[in-house]
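The values are calculated or read from the model by the stated rules, or taken from the named source; none is laboratory data. From a predicted model like this one, the values you see are computed outputs, not experimental measurements. Cβ: placed from backbone, ideal geometry, glycine included. Neighbour counts: every protein chain shown.
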Amino acid sequence: MGARTRLERMGPHYEDIIAVTPMQPLTPAPLKHVSRTPATPAVAKALTRLQCWPGEQRVAVGLSGGVDSSLSAALLVEAGWQVEGLTLWLMSGKGACCSDGLIDAAGICEQLKIPHHVVDSRATFQAEIVDQLVQGYQQGVTPLPCSRCNRSVKFAAMLSWAEKERQLHRVATGHYARIRHREDPESQQALPGDARGRHQLLRGLDQNKDQSYFLYDLPQDVLAKVVFPLGELTKAETRQEAERYGLRTAKKAESQDLCLADHYGSMKAFLDNYLPARQGEIVLQDGKVVGEHDGIEHFTIGQRKGLGVAWREPLHVVQLDAAANRVIVAPRAEAGRDSCVVGAVNWISMAPPSSTINVEVQVRYRSGPVAAQLTPIEATAEDIAGDRPHRCRLTFNEEQFSITPGQAAVFYADDAVLGGGLIQQINAASS
């Protein structure tokens, strides 16, 4: 029988943090596979990499209650690491980040015979993600909460708690991404800037599941202490291996939406819960009214479907005017944009460049990388005050149709994430 748990309120410096800690935890026994099917070559390679990991092999695994984080914990246990589960309680109710996710996370820890800790982070999530998200939509941008959540709510908080409370100096998650540490000889490979002494973030090998786009904002001190066991696996291999271990989450359905959309039923339902309907006009770029809307927050740049406008040719959203409460649309021939300004840039795999460099850019999670020239520009007073002093202009080789203020522009050189930031201004294509 696995370790029992009890609720324990932490010290006053943690305020509302509650931890679920083990009572008389058992020493994990070698994992038994319910299937005789051998591990795939990729899984065997991942286990070897974990077994040969330099330095201390003690880790807190961020558990959401899904199959990816579950297998990450199982692989680390199999590789001989001292593993403890850590779950951030972000919301009450339905959803992977909510109470029902805690149940599966606790069940996995019971199954693996490892301690499980739960940190109540609901107040932080509300302030850093929900409130900021609502504010962004009110201002006519389409925020990207996942990257902000990774930086401001999850990774640093998990590391801080694990180090202070459990003396664990590494954190692992189920993200599909890879890290090349600065001690690795391959970290000296040619990049369009100075990569010396830097931990490099790389795409996950599964192109369909790569999550490096959402991790661009992690600082170097966090990357130094993070482990991504699934970085070289495909999703299919993750499922297969989870079934081989008999993990309770092996066949758990994967959420297809933002956690808030999953929690509320849809993103529209979430926004309607916080923002009252505000009827306004849908107009062409010359001001001609072609329709009405009940809130600019329900639209995003590049959107073509669901506009509720009958016109002689398809129209695309090209601007959200919060001040006038207008959605501005245009035919595709007029919707292209060839440049944008990106602020709050975090440089990861290389130092900030001093002159124009050629990069590949991803402007949406599901969009492909496109070629562009990146030119550093002067930081604003707001950038400097917010300790985010790097800013740039991207000039695309070809017109783009979904460059959206509030979303991230992430810069790549092959698989390496050079850096990324938030799109703050878009410019019409030159005629």
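Structure summary
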read-out	value
Selected residue (only one of 271, 307, 247 is touching a helix residue (DSSP H, G or I) at 6+ places or on another chain (Cβ under 8 Å) and not in a helix (DSSP H, G or I))	247
Condition broken by residue 156, with the remaining ones in (1) over 26 Å from residue 117 (Cβ atoms); (2) in a helix (DSSP H, G or I) satisfied	(1)
Residues of segment 134-148 that turn out to be farther than 14 Å from residue 298 by Cβ and surrounded by 22 or more Cβ atoms within 10 Å (Cβ to Cβ), as a count	2
Odd one out for residue 316, checked against (1) assigned to a strand (DSSP E or B); (2) touching a Lys or Arg at 6+ places or on another chain (Cβ under 8 Å); (3) under 18 Å from residue 217 (Cβ atoms)	(3)
Residue tally, condition more than 14 Å from residue 342 (Cα to Cα) and among the β-branched types (Val, Ile, Thr), over segment 360-396	2
Residues located in segment 392-411, provided they are touching a Ser or Thr at 6+ places or on another chain (Cβ under 8 Å) and either free of Cβ contacts under 8 Å to residues at least 40 places away in the same chain or not polar (S, T, N, Q) (or both)	392, 393, 394, 396, 405, 406, 408, 410
Failed condition for residue 100, given (1) at pLDDT below 95; (2) within 26 Å of residue 210 (Cβ to Cβ)	(2)
Residues of segment 354-363 classified as outside any strand (DSSP E or B) and surrounded by 21 or more Cβ atoms within 10 Å (Cβ to Cβ), total	1
Residue match in segment 285-301 (condition: in a loop (DSSP other than H, G, I, E, B), closer than 30 Å to residue 53 by Cβ and among the basic types (Lys, Arg))	no
Any hit, segment 169-176, residues being more than 18 Å from the chain's Cα centre (by Cα) and either at pLDDT 95 or above or within 30 Å of residue 278 (Cβ to Cβ) (or both)	yes
Odd one out for residue 127, checked against (1) surrounded by fewer than 16 Cβ atoms within 10 Å (Cβ to Cβ); (2) outside any helix (DSSP H, G or I); (3) hydrophobic (A, V, I, L, M, F, W, C)	(2)
Count of segment 197-209 residues which are under 15 Å from residue 180 (Cβ atoms) and surrounded by 19 or more Cβ atoms within 10 Å (Cβ to Cβ)	7
Positions within segment 220-264 being surrounded by 17 or more Cβ atoms within 10 Å (Cβ to Cβ) and without any contact (Cβ under 8 Å) to a residue 24 or more places away in the chain, in sequence order	261, 264
All positions within segment 392-411 that are touching a strand residue (DSSP E or B) at 6+ places or on another chain (Cβ under 6 Å) and surrounded by fewer than 22 Cβ atoms within 10 Å (Cβ to Cβ)	393, 395, 396, 397, 399, 405
When residues of segment 159-177 are limited to those that are assigned to a helix (DSSP H, G or I) and in contact (Cβ under 8 Å) with a residue 40 or more places away in the chain, the one nearest to residue 410 (Cα to Cα)	159
Among the residues listed as 194, 184, 286, the single one being over 16 Å from the mean Cα position of the chain (by Cα), surrounded by fewer than 17 Cβ atoms within 10 Å (Cβ to Cβ) and under 23 Å from residue 422 (Cα atoms)	194
Hits in segment 354-368 (condition: within 13 Å of residue 392 (Cα to Cα) and within 17 Å of the chain's Cα centre (by Cα))	361
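Here is a yes/no grid of residues against (1) surrounded by 15 or more Cβ atoms within 10 Å (Cβ to Cβ); (2) touching a residue at least 12 places away in the same chain (Cβ under 8 Å); (3) not polar (S, T, N, Q):
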residue: 305; (1), (2), (3): no, no, yes
residue: 311; (1), (2), (3): no, yes, yes
residue: 327; (1), (2), (3): yes, yes, yes
residue: 330; (1), (2), (3): yes, yes, yes
residue: 336; (1), (2), (3): yes, yes, yes
residue: 339; (1), (2), (3): yes, yes, no
residue: 347; (1), (2), (3): yes, yes, yes
